[in-house]
Amino acid sequence: MPVSRSDHPPLAPVSRRLEAFLEMLAAERGAARLTLAAYRNDLLDLAGFLAARGQTLEGADAAALHEYLAAATTRHLAPRTLARRLSAMRQFYRFLLGDGARADDPTAGLDSPRLGRPLPKVLSEAEVERLIGTAAAWPGGEGVRLRCLLELLYATGLRVSELVGLPLAAAQRDPRLMLVRGKGGKERLVPLSEPARTALAAWLECRNKSLPKGRQSDPKMARWLFPSRAAEGHLTRQRCGQLLKELALAAGLDPARLSPHVLRHAFASHLLDHGADLRSVQQMLGHADIATTQIYTHVQGERLRRLVESAHPLARRSRA
């Protein structure tokens, strides 16, 4: 959530210690670019708060950090946003402690916000089939690309950043598998279903024709599976999300219910519904910890509870 001018004074330049901390996260822990940007913004927000109270980011005391979290709570930040900010703070001050820049850790007594365990949003199999059918009828090269994006997301459970960042070379190896570079630069192989392979082959046939005139040989665009005029040279996460919402509208679904991550959830949940084991789903999703994947067992449990309530004879008798 952006910080309004009424909350803090203009932010000071990034400190040398903060830059060193971010460089350490990137070099030693393989932190993703989006994680680094989020941590930078979180700590700059804290720095602005502290500057208004005559303290520096490096020299903050525990009382000021408590006050900051309390102020953040009054700005109605989501618990997960607060948890991420607290994580950034803890890692930063532990970095200073380990580097000899501080003699104490002022975050030691800070409490984490309660996050709860929200269940992921999931589409039904019928709704996914409707989306695929609508994408198949979408005209021109735009439709071929949209069908490929949809099929790959649903067949592999890729994160949207992994999907749009696929190099062209990833689609030119074994057509049955795709090598994906995920969080922290970790690589994994994901199997491709027959529909996904068909959609990918169709996109590869018209990909070069879809490039802007005079840009077919542009090395910045040529390396990506989904090239684009965007600064990155490939389709952006935001544009991918917009395309899916347009598709949902055309398919008669609420666009608010569809996003790349919702398709990732559908991939995992539908696999488990059809008997896949949790460990295999974990590997395909690229989760470092199986506890993250276990959220989908809760989705199954909720689905089964509704099934029992609607279909079990004793449940029907109690409503009579």
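At 0.692 mPa s and 37 °C, plugging the Kirkwood radius over alpha-carbon pairs of the stretch 169-233 into Stokes-Einstein gives what diffusion coefficient in µm²/s? Mind dumping the intermediate values first?
Numbers: Rh = 13.2 Å.
Diffusion coefficient, whole number: 249 µm²/s.
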Between the alpha-carbon centers of the stretch 64-88 and the stretch 126-184, tell me the distance in whole angstrom. 37
Using the Cα centre of the stretch 164-261 as the reference point, and only Cβ charges (+1 on K/R, -1 on D/E), how large is the resulting charge dipole? Debye, rounded to the nearest 20. 300
Mind grabbing the base-10 log of I(q)/I(0) for the stretch 141-193 at q = 0.14, 0.24 Å⁻¹? Debye formula, identical points on the C-alpha positions, no solvent, two decimal places. -0.34, -1.00
Between GLY182 and residues 5 or more places away or on another chain, the pairs with built amide H atoms under 5 Å apart involve GLU187, ARG188
Note the direction-averaged projected area, equal to a quarter of the hull surface, for the Cα convex hull of the stretch 251-291, in nm². 3.7
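No lab work stands behind these numbers, since they all come straight from the coordinates. All of these numbers come straight from a predicted model, not from anything done at the bench. With ideal geometry, Cβ positions are generated from the backbone for all residues, glycine too; neighbour counts draw on all protein chains shown.
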